[in-house]
Amino acid sequence: MLVGDHASTAFAAETRTARVERFAVLTDLSKCAGCRSCERACVHSNNLPMPGVGFFADPSIYQKKRKPEVGTYTVVNVYENRKWTKPVYRKIQCNHCIEPACAAACLVGALKKTPEGPVMYREDLCLGCRYCMTACPFNIPAFDYYNATSPAIQKCSMCYHRVVRGMVPACVEACPVQANIFGKRSRIMKLARERIVADRRYVDYIYGEREAGGTDWLYLSPVPFEEVGFDMNVEKNPYPEFTKGFLSAVPIVLVTWPVLLGGMAVLSRRGRENGEDKTNHQQKEGPKQ
């Protein structure tokens, strides 16, 4: 479902000066039917491998809680809850933080927040350090350890390739019950608040409004968020604020340590060479009388 205008059709260049209002997605857990149409659409839209378990035929997929991983950008888990008369299904993917910790932690700018909202990843810039995985408060980025020729970070891009063409994310388009809603963030927030006021079954809270400084993937729930696997201990301030000191020191460490280690190696080698020269000299002179 789409709320508001379509995205700009122009690709967001780094030098762009006119910033558009960010887009966001609202997932309403009270409406999700657990059909996993969003998962199937994500696979097709991003050319991901088909999962071993079918999308509709095998309910065994819900026997364990899953998280996004290599080859799987979004997953749906099920939770039983006494307050709600039916199971609650929760869709999980990158939350696209307004000030993403993953991008702040990246030393080479391989991760970047776009003006349109999605947090994008560039494999050609990635060093494979995986600092983004450690930095993410939602534990989302996955690393492809099995691709020896091109190990890379994998995560949801909010279908940026579709958004910049004026389309909605594939998971939003595929949802048959409109549990996912796409539009300008201000309008999404307004809609979420209107639903909370109109229906007291909702928890009076919008997850993502303040978590990690705010995210561009938001949630409504008919049950307490902690009961359906949400981390309620995520800091409300943007995570880059906590890492500025460390991140500013990282380039220094990267430059200093190789110099120090290289210097130590040179001194060690010279020490060995001097020792060998002294031994050879003594052997040539022979034992002292």
Matching residues in the range 103-121 - criterion: being at negative phi and touching a Leu at 6+ places or on another chain (Cβ under 8 Å): Ala103, Ala104, Ala105, Leu107, Val108, Ala110, Val119, Met120, Tyr121
In the set Cys129, Cys102, which member is under 27 Å from Glu226 (Cα atoms) and assigned by TED's automatic domain parsing to the domain that holds Phe23? Cys102
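Does Pro87 count as of a type outside the set (A, V, I, L, M, F, W, C) and more than 24 Å from Ala179 (Cα to Cα)?
Values: of a type outside the set (A, V, I, L, M, F, W, C): yes; more than 24 Å from Ala179 (Cα to Cα): no.
So Pro87 does not fit the description; no.
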Would you check which residues across the range 48-61 are modelled with pLDDT of 90 or more and over 20 Å from Val25 (Cβ atoms) and list them? none
What's the number of the condition Val108 fails, among (1) free of Cβ contacts under 8 Å to residues at least 40 places away in the same chain; (2) under 16 Å from Pro169 (Cα atoms)? (2)
For Ala179, only one of the following conditions fails: (1) within 17 Å of the chain's Cα centre (by Cα); (2) buried (at least 22 other Cβ atoms within 10 Å of the Cβ); (3) farther than 20 Å from Cys97 by Cβ. What is its number? (1)
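The values are calculated or read from the model by the stated rules, or taken from the named source; none is laboratory data. Just so it is clear, the model here is predicted, and its values are computed rather than measured. Please note: Cβ atoms are built from the backbone with ideal geometry, for glycine as well, and neighbour counts cover all protein chains shown.
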